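Right, one structure below, let's go through it.
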Amino acid sequence: MSLIHCAIRCAENRACISLHFHKGVRKCRGYETLMLTPQAGTNEEGWIYYYSTQKGICPQGYAHTRIFDYCVGYEGHFTDDVGFQKCREKSGRYMLIHSPEENRFASLLAYNFDSYTDFGQNQMRIQGSFNSSAMAWQDDFGLNLNFTQLIPGKEIPSDDSFALYLKNNGEKENFKMTCRRGNRNPSAIVCVISDEYH
């Protein structure tokens, strides 16, 4: 297989957002998730790493998912205030999960960074802060979340300083939502960029 054939195979599959190509053995690997950074995924000698992008929207190092129509990129492990600022610098936000399908996609992203999350908590920051006045989890725009899948006992925190994270509960395609105080420990920061944020 040539690199061109590898890229065509990825382009023909709507779920494919990144690919690896090995010139020596002429092999192609496609992924429906982000396998791009030196810190995460599989960085092996001889493989070249590529990702699908969207001109004018996706910055360097971000991949475009055609299924959800946004760019997604890993920024590193930071506390909530620093992580949110990293996303805003790229005109993005944390991932907002709307459905079981999007939760699966977010879970696969979070799974990539499992071994790099501090304290073995395996968490990735997502949109969601608790509003005790409304007694509801809300997104960055103050709207009640329309999809939640919280670990039992984490549905109603004690105050408004709690934020939502994805936590590995043993199913790599179905992480559950958990909460803790947003700036207590670093978490995996994955930013999403779409036209609605510009």
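Details
- Distant-in-sequence amide H partners of Gln149 (H built 1.01 Å from N, under 5 Å): Met177
- A full extension of the chain between Lys27 and Glu12 corresponds to an added length of 3.7 nm, given 0.36 nm per residue minus the alpha carbon distance.
- Pairs of lysines in the chain whose Cα atoms sit within less than 15 Å of one another amount to 4, provided the residues are eight or more positions apart or on different chains.
- Rounded to 10°, Cα long-axis angle of helix 3-12 versus longest principal axis of the chain: 40 degrees
- Partnerless Cys - the chain, beta-carbon criterion under 4.7 Å: Cys179
- Our helix-only sum for the chain, with -39,500 (n - 2.57) per DSSP H run of n ≥ 4 divided by its residues, gives a mean residue ellipticity at 222 nm of -5000 deg cm²/dmol.
- Proxy reagent accessibility, fewest Cβ within 10 Å first, across Tyr50, Tyr165: Tyr50, Tyr165
- Amide hydrogen proximity for Ser18: with H placed 1.01 Å from N in the peptide plane, the residues at 5 or more positions away or on another chain lying under 5 Å are Tyr31, Thr33, Ser52.
- FRET efficiency for the pair Lys86 and Leu3, taken as 1/(1 + (r/R0)^6) with r the Cβ-Cβ distance and R0 = 25 Å, rounds to 0.20.
- Between the amide H of Asn169 and those of Lys176, distances stay under 5 Å, these residues lying 5 or more places away or on another chain, with hydrogens modeled in the peptide plane.
- At R0 = 22 Å, FRET efficiency that the Cβ-Cβ distance of Glu102 and Thr53 yields, to 0.05: 0.65
- Other residues whose C-beta falls under 11 angstrom from the C-beta of Phe84 contribute a net charge of -1, scoring Lys and Arg +1 and Asp and Glu -1.
- Here the contact order of region 53-197, divided by its residue count and restricted to Cα pairs under 8 Å and six or more residues apart, works out to 34 percent.
- Nearest-ten-degree value, helix 80-89 long axis tilted from longest Cα axis of the chain: 50 degrees
Each value in this text was obtained by applying a stated rule to the coordinates, not by laboratory testing. The structure presented is a predicted model; accordingly, all values stated were derived computationally and were not measured. When we count neighbours, we look across all protein chains shown, and the Cβ atoms used for this are built from the backbone with ideal geometry, even at glycine.
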